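*Asks:* The structure is given below, and queries will be raised subsequently.
The values are calculated or read from the model by the stated rules, or taken from the named source; none is laboratory data. A quick note: this is a predicted structure, and the numbers were derived from the prediction, not measured. Here Cβ is always computed from backbone atoms with ideal geometry, including for glycine, and neighbour counts include all displayed protein chains. To get the accessible areas, we keep the full protein, side chains included, count just its heavy atoms, and leave off ligands, DNA and RNA. Shrake-Rupley method; radii C 1.70, N 1.55, O 1.52, S 1.80 Å.
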Amino acid sequence: TLAIDNGLIPQSLTLSSYPNPFNPEIMVSFAIPEMGLVSVNVFDIRGRELATLANQHYQPGFYRLNWNASVYASGVYFITLMTSDTKLTQKILLLK
């Protein structure tokens with residue numbers, strides 16, 4: 001699921017996830033201040049990529065994605081947002 005709030009332009013690149021800890025779905029929110037290619041990925045504690053939530057060009061704005069981790073074990077995971085010049089990472093905890 002992807003949603004955009006038109007009319008608002010963020011001042012900086014942001015990444016947040018709610019709820020954290022989660023079971024089994026988490027909402028990933030991010031803000032993009034300028035147009036560009038954005039990649040949002042989920043990694044396990046060993047650095048293996050488990051899911052690609054987004055990999056496309058976005059207009060400036062606020063976005064939300066959902067990740068369903070019902071097939072994964074409890075533990076620590078990382079959500080990474082990458083643009084052409086910035087990388088943000090957030091630690092999340094899956095509790096079953």
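*Asks:* Kindly indicate which of PHE22, PHE62, PHE43 is surrounded by 15 or more Cβ atoms within 10 Å (Cβ to Cβ), of a type in the set (A, V, I, L, M, F, W, C) and at pLDDT below 95.
*Replies:* Among PHE22, PHE62, PHE43, only PHE62 is surrounded by 15 or more Cβ atoms within 10 Å (Cβ to Cβ), of a type in the set (A, V, I, L, M, F, W, C) and at pLDDT below 95.
*Asks:* Tell me which of these GLN11 doesn't satisfy, since it passes every other one: (1) open to solvent by 40 Å² or more (accessible area, probe 1.4 Å); (2) part of a strand (DSSP E or B).
*Replies:* Failed condition: (2).
*Asks:* Among the residues of region 65-94, how many are in contact with a strand residue (DSSP E or B) (Cβ under 8 Å, 6 or more places away or on another chain), of a type in the set (Val, Ile, Thr) and open to solvent by 20 Å² or more (accessible area, probe 1.4 Å)?
*Replies:* 3
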